[in-house]
Amino acid sequence: MSNAIRFPEGFLWGGATAANQFEGGYNEGGKGLSTADVLTGGTHTIPRRITSTLEEGTNYPSHEAIDFFHRYKEDIKLFAEMGFKTFRMSIAWSRIFPNGDDAQPNEEGLKFYDSVFAELKKYNIEPLVTISHYEAPFGLTQKYNGWSDRRVIDFYVRYCEVIFNRYKDVVKFWLTFNEINCLTMPFGTFMAGAIMPEGNGELTNSSSDNAQIRFQALHHQFIASAKAVKLGHEINKNFNIGCMIAYMTSYPLTCNPDDMLLAQQKDSLNNFLCSDVQVRGAYPGFAKRYFKENNINIVMEENDEKILKEGCVDFYTFSYYMSVCVSADPNQEQIGGNLAIGLKNPYLKASDWGWQIDPKGLRLTLNNIYNRYQIPLMVVENGLGAVDTVEADGSINDDYRIDYLRQHIKEMKEAIADGVELIGYTPWGCIDLVSASTGEMKKRYGFIYVDKDNEGKGTLARSKKKSFYWYKKVIETNGEDLE
Ligand code: BG6
């Protein structure tokens, strides 16, 4: 490991969250229902369900989540104690526009974020705001079938206009869509696209996937993102507006050229298609071929190419949890994953949820992205979802989490030594929150423990895990002391 290279001064250490997974207050302060609010709890083996109306007696984890809505002062104080320089959070779109297409924004919702940003400012914590993180107003699903309808672009841009103007002096860093590339996979239909899937309403059921609708919805998000970038820069030229990609690192299982080619094709389609459009402002050639071969016909308006070119992002952010292998041979052993189901890598261990842990893959990925785009990068999600045990004395000794993060931070440092311009790191779920894929609470990522279980029971009390003190020291020493 290189000693000469350090994290740059001003490196943005922090943590990441999303409104639908930690805010709660789902029907308070004039908030409307979001797509996350109709998702039931699930487990590692039982899929979450999408219910078109709220069922009595069913557990909807987003409704209370961890109640940041009422406890934000206490939580931000804890982030400040760890020394956070930045805090990634999202604005719940349906708190601002309860139905998505309302004529006027909800003032009470705007005031809530005024208070959150004021609290962050008190501690000099820079907000990094995701504008849409799996929580579109459910009204847009019911009335327009989500992003499949081009009219949703205007509702999104109007929402951006309102929040950009309102928070232009307190927020500098914005991300247009969380993990926009989820729409390249069936999994993203409802979560990322707000589109009601056909079939049995299971979140992860992909049997009725309609790629035409998915990719059309993705095109609408590209246009919306590009318009937002342009508008944001007009409102405040100092805004940094980024894309956010769920980076799926895939290795060829063997050096068989068929495996190599497949790994490259997956990288192109699932990772680079979206960022090529958002960073370079145009669809890449391989996308055109993929659309043609899969009978996908993207309906574009006359100005769309120009809009994309004029709305290129300022920086690239991504989530990185794991890697998978791919093989042209269909008889290989599958493993689980955040989005990418892939093959087992015999050199790697996996988390309790089957996600393969691969710190070196992060270095590789950082280099891979930077070599392509040469713009600043930020790792805005990374971490280990694990079951924590509270000891009799109340302590939580999460050495496994410390170890995971330490290994990944070491590799980020190596990537910086390789020449990658990495500007920040916000590990996921810095405070325990609801799992997006399963709706569970017991899949914990936090430095801060929240007393709540999968059934929604618990006092919601916060306590500091061993990793809290460890991460505080990491930040204090700007990544020098990782022990
Ligand atoms: C990312 C999402 O894919 O992974 C987050 O942006 C999510 O919303 C995170 O929570 C971890 O996934 P999970 O399923 O463990 O919560």
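Observations
- For Asp453 and Lys77, a Förster radius of 22 Å and the Cβ-Cβ distance give a FRET efficiency of 0.35, rounded to the nearest 0.05.
- Approximating the spin labels as points 7 Å out from Cα along Cα→Cβ, the Asn27-to-Asn145 distance works out to 2.9 nm.
- Using a probe of 1.4 Å, the accessible surface attributed to Cys255 totals some 120 Å² when neighbouring protein chains are kept in position.
- When both segment 208-238 and segment 248-279 are represented by their alpha-carbon centers, they are found 23 Å apart.
- Relative contact order (%) - segment 1-136, alpha-carbon pairs under 8 angstrom, separation at least six: 34
- Normalised per residue, the accessible area of segment 1-79 is 43 Å², obtained with a 1.4 Å probe and no contribution from ligands, DNA or RNA.
- Note on segment 342-477: Cα-Cα pairs beyond 20 Å make up 51% of the total pair count.
- Estimated FRET transfer efficiency (Asp329, Thr43; beta-carbon r; R0 30 Å; 0.05): 0.45
- Heavy atoms of Val170: accessible area, 1.4 Å probe, square angstrom to 10: 50
- Applying 1/(1 + (r/R0)^6) with r as the Cβ-Cβ distance of Tyr469 and Asp352 and R0 = 22 angstrom yields a FRET efficiency of 0.40.
- For Lys288 and Asn397, the difference between the fully extended length at 0.36 nm per residue and the C-alpha to C-alpha distance is 34.2 nm.
- The alpha carbon centroids of segment 19-49 and segment 100-155 are separated by 15 Å.
- Theoretical gain in end-to-end length, Lys168 to Asn256 [0.36 nm per residue, Cα-Cα removed]: 26.5 nm
- Ligands, DNA and RNA are left out, and with a 1.4 angstrom probe the accessible area of segment 118-262 is 35 Å² per residue.
- The share of accessible area on segment 239-353 that comes from carbon and sulfur is 50 percent, using a 1.4 angstrom probe.
- Dipole-positive endmost among Gly10, Tyr26, Gly42 within segment 3-86 (Cβ charges, Cα centre): Gly10
- For the chain, size of Cβ-based charge dipole, Lys and Arg +1, Asp and Glu -1, in debye: 760
- Close amide-amide hydrogen proximity is noted between Ser34 and Phe138, each under 5 Å apart and 5 or more residues distant or on a separate chain (H modeled in the peptide plane; Pro and chain starts excluded).
- Each part reduced to its alpha carbon centroid, segment 162-198 and segment 426-483 end up 24 Å apart.
- Here the alpha carbons of the chain define both size measures, Rg and Dmax, at 20.9, 65 Å.
- Around the Cα centre of segment 248-313, unit charges on the Cβ atoms of Lys, Arg, Asp and Glu (plus for the first two, minus for the last two) sum to a dipole of about 80 debye.
- Protection proxy ranking of 351-360, 279-288, 59-68 - average other beta-carbon atoms within 10 Å, highest first: 59-68, 351-360, 279-288
- ³J(HN,Hα), Karplus 6.51/-1.76/1.60, whole Hz, each residue of segment 217-233, x for Gly, Pro: 4, 4, 4, 4, 5, 4, 5, 4, 5, 4, 5, 5, 4, 4, 4, x, 5
- Both radii were evaluated on the Cα set of segment 177-226; the Rg over Rh quotient, with Rh as the Kirkwood radius, amounts to 0.96.
- Modelled label positions at Asp154 and Glu310, each set 7 Å beyond Cα in the direction of Cβ, lie 1.7 nm from each other.
- Carbon/sulfur fraction of accessible area - segment 125-228, other protein chains in place, 1.4 Å, %: 46
- Potential lengthening of the chain between Gln265 and Ala461 amounts to 65.9 nm, from the contour at 0.36 nm per residue minus the alpha-carbon distance.
- Per residue, the convex hull spanned by the Cα atoms of segment 284-403 measures out at 190 cubic angstrom.
- With each label modelled as a point 7 angstrom along the Cα→C-beta vector, the Lys344-Glu107 pair spans 6.1 nm.
The values are calculated or read from the model by the stated rules, or taken from the named source; none is laboratory data. Predicted model, so just to flag it, every value in this text is computed and none were measured. Neighbour counts run over all protein chains shown; Cβ positions are idealised from the backbone, glycine included. Quick note on the areas: whole protein, heavy atoms, side chains included, nothing else; ligands and nucleic acids left out. Shrake-Rupley method; radii C 1.70, N 1.55, O 1.52, S 1.80 Å.
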